[in-house]
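The values are calculated or read from the model by the stated rules, or taken from the named source; none is laboratory data. What you see is a predicted model, and the numbers here were worked out from it, not measured in a lab. Neighbour counts run over all protein chains shown; Cβ positions are idealised from the backbone, glycine included.
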């Protein structure tokens, strides 16, 4: 099946102004936090720490993959072996499986551990062969059995010895990946050590380090896209403008409020990002499928962030789920940590409100998702807005007893847009709930 990632990348390279946007669910946290990666179990009690199981974590991967709301499902090598190689989950799916290909020491987050307090050192647990075919020394025909996309992460601390070691190991990985036909995307973390570079210079330092190291890499060895911390409009526009074929994405960081996630993906897209990889933001949501659905509606230009938060809370009410925060709190934007360890050394830099005028609320006219659709449709081409009919199901029930609780209706005609300027906030909310099939 044609993967939505490949279709969107082709459209973006054909026209860098294209609105195509790639969303990835990062379910690779077991390579960082270990047993706590799936999150707290709803069965836990005050004063008790009980985590969800690995199988519950993987069930979320299955549900979100089957929804078709994301373009990439990022996993650990062991989860990919179970879902990609053994279950063949992605064979008839537009979603691309991906695996974290390295795990630098700044993401070694065992309870009580202190490794993240030292400058990051390069390290790889997974091997490309294990990712591609589940064993060492894959034959050429076996390399297509598993995942063929990986995340490679680097952390620069403005320290010569540590950063040189990082670059050397990245060089070794690139050569092996190219020989084995393995694609990758590049994650560039902020320094994990405080005080290595002034905060006001950090975005420029990282942009220069990224473009400097990739300048020596021919197209065959370059990443398919980047994953970086969003440091505001200026830093994003500078990196995107430099090379229109350097597809830039943002990482999600800590969970924060729902408004944090919705505003981040909206702002990043506005200033040139074409990819978002959210891990904790998705995994800690009250209902992961509903949460991702609204991410997709935001990047499709269907609903602005603040109204998406209100509509998401309405969905939770319909599902009988208690939100983590009251609506007025969940509508607030906060400063979040962008490091795996949750420290304060790396932060989102939010744009000044005075310099970012709020767009007038309008409902866009329908248009094809691709900026450059093929001259004639092909049998394998996915339907233009397949995500809008996605069903959201209860997450706690076994597969046999699962019931559909949330099934948005098809989008109505956009030919007669409502006059939002004359509508009150409750009226606008009622409109969106009705459009999403939740107002009945």
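Points worth noting:
- Taken as a whole, region 307-318 holds at least one residue that is free of Cβ contacts under 8 Å to residues at least 12 places away in the same chain and either out of contact with any strand residue (DSSP E or B) (no Cβ under 9 Å at 6 or more places or on another chain) or within 16 Å of residue 25 (Cβ to Cβ) (or both).
- Count of residues meeting criterion [part of a helix (DSSP H, G or I) and closer than 16 Å to residue 279 by Cβ] in region 64-110: 6
- Qualifying residue in region 136-146 (condition: farther than 18 Å from residue 76 by Cβ and within 25 Å of the chain's Cα centre (by Cα)): yes
- Residue list for region 63-89, restricted to those being free of Cβ contacts under 8 Å to residues at least 60 places away in the same chain, over 20 Å from residue 226 (Cα atoms), touching a helix residue (DSSP H, G or I) at 6+ places or on another chain (Cβ under 7 Å) and crowded, with 20+ Cβ neighbours inside 10 Å: 77, 79, 83, 89
- Residue list for region 1-28, restricted to those being out of contact with any helix residue (DSSP H, G or I) (no Cβ under 6 Å at 6 or more places or on another chain) and more than 28 Å from residue 58 (Cα to Cα): 10, 11, 12, 13, 14, 15, 16, 17, 19
- Members of region 25-50 found to be modelled with pLDDT of 90 or more and in a strand (DSSP E or B), listed by number: 25, 26, 27
- Among the residues making up region 272-297, those that are surrounded by fewer than 21 Cβ atoms within 10 Å (Cβ to Cβ) and over 20 Å from residue 66 (Cβ atoms) are 272, 284.
- Filtering region 127-162 to residues that are buried (at least 20 other Cβ atoms within 10 Å of the Cβ), touching a residue at least 60 places away in the same chain (Cβ under 8 Å) and not in a strand (DSSP E or B) leaves 146, 147.
- Verdict on residue 165 being in contact (Cβ under 8 Å) with a residue 40 or more places away in the chain, part of a helix (DSSP H, G or I) and within 22 Å of residue 12 (Cβ to Cβ): no
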